[in-house]
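Nothing in this text is a laboratory measurement; each read-out follows from the coordinates by a stated rule. Computed from a predicted model, the values in this text were never measured in an experiment. No Cβ is skipped: glycine too gets one built from the backbone with ideal geometry, and neighbour counts run over all protein chains shown.
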Amino acid sequence: MGDDTLRDETGARRDGQGQRAETEAAPEIEALAASALLEQVHNAVIATDMNGVITSWNRFAEHLYGWAASDVIGRDILDVTVGAGSAAQAQEIMRSMAEQGSWEGEFEVLRKDGSRFVAHVIDAVVRDERGIPVGVVGVSYDVTPRIRAETERDALLQRLLEVRDEERTRLTALLGDEPVQVLTAAATRLTTARMRLEPGPNADAIADVEHMIEREIQHLRHALFDLEPHTLERHGLASAIEDVADRQAGSAGIVVTFASELTDAVDDVRALAVYRIAREAIGNVLRHASARSVSVELHARAGRLTLQVRDDGIGFDRDTPRAAGSTGIALMQLECARVGGTLTIETSPGAGTEVVARLPLG
Ligand SMILES: Nc1ncnc2c1ncn2[C@@H]1O[C@H](COP(=O)(O)OP(=O)(O)O)[C@@H](O)[C@H]1O
Ligand SMILES: [Mg+2]
């Protein structure tokens, strides 16, 4: 397919409509169609005139859509690649093109054999030097492999969440409250024994052991809390999250502001999900943000729960691919989705980070 094909096709078609001058005034499209580069890219590059009649169809388009260029040049792009299924969306795209001059997004397209796939499409209106639209160039590729990879990743993350929950339940049952109770009883007995002694080296030695046991009780309590947050049941979601914020961020010298307003009741399943999201978001502030302060807000009212964790740290670029081992954000998203919610992250380098989870209650 070269220059001639394009000129002949559009010329032949446009002669009857008296628009030939317009077509010839589109060297941009002709140059594009003639470019050797176009035949090598791994994207379908398709040009049409302003009526949607195909004027150029590169080699990768032949591969992707199954049609040879000679089959489709001169035909309506909507008939060839869209079919009835996505016609409404195609109209929408046309409208956006007319208004804004371009469109980018994903939608389902048709192959010659009737099969369909989701394509990422960038369409742009081409104008001549007078600014008059003379055609449209669309670049598209198949996003099925990406969607498949995302689905597999989500399934794996889902499994990871389940395994983590199973492991937590197992460890909690194993550790239980018992060791804490035994240690507490031992400490009490030691105290009683020490009281009977005269002050001196023996009493001091026992006091040391008492302190060791008390420290160990604290450690165990924290470990248990991390496994299954008891304060969640005992003192409720707001206290549990405030506790995490104070313990994690507070101990790292980050100023914590906490505000909550729970007008609506939050059931256990949602409370645990929100608690875990808060813990991960606050943990990220601690590990990555170099923040001076973090604000945590929790609202449950009018049937909706909102958790917002905002820091004044270094922020990050969401488009930079994350390290392979980074699962925190993906797990927060999944955790939120499991209870019917959505998680948004507003951030950019230098501008801090805001994580907001929104979910319906009841
Ligand atoms: N509050 C934050 N401030 C700055 N960077 C962050 C913040 N939260 C996350 N990030 C960035 O996003 C990456 C991915 O986070 P996450 O998925 O939780 O994985 P991990 O914490 O294991 O690295 C982090 O490695 C970090 O670069
Ligand atoms: Mg993390």
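Would you please put 178-186, 140-148 in order of how densely packed they are, using the mean number of other Cβ atoms within 10 angstrom per residue and starting with the highest? Mind dumping the intermediate values first?
Working: 178-186: 12.7, 140-148: 14.7.
Going from most to least packed, we get 140-148, 178-186.
How would you rank 292-299, 109-116, highest first, on the average number of other Cβ atoms within 10 Å across their residues?
292-299, 109-116
Legend: Rg and Dmax of segment 106-209, from Cα coordinates, 35.2, 103 Å.
Filter the chymotrypsin sites (Phe, Trp or Tyr not before Pro) in segment 201-300 down to the DSSP loop ones having no more than 15 other Cβ atoms within 10 Å, then list what survives.
Details: sites: Phe225, Phe258, Tyr275; in loops: none.
Filter output for segment 201-300: empty list.
Looking at the chain as a GNM with Cα springs under 10 Å, which of Thr48, Thr192, Thr169 has the largest mean-square fluctuation? Evaluated over the chain, the most mobile residue of the options is Thr192.
Throw me the Rg/Rh for the chain, computed over C-alpha atoms with Kirkwood Rh, two decimals. All intermediate terms of the calculation are to be shown ahead of the outcome.
Details: Rg = 31.8 Å, Rh = 25.9 Å.
My calculation puts Rg/Rh at 1.23.
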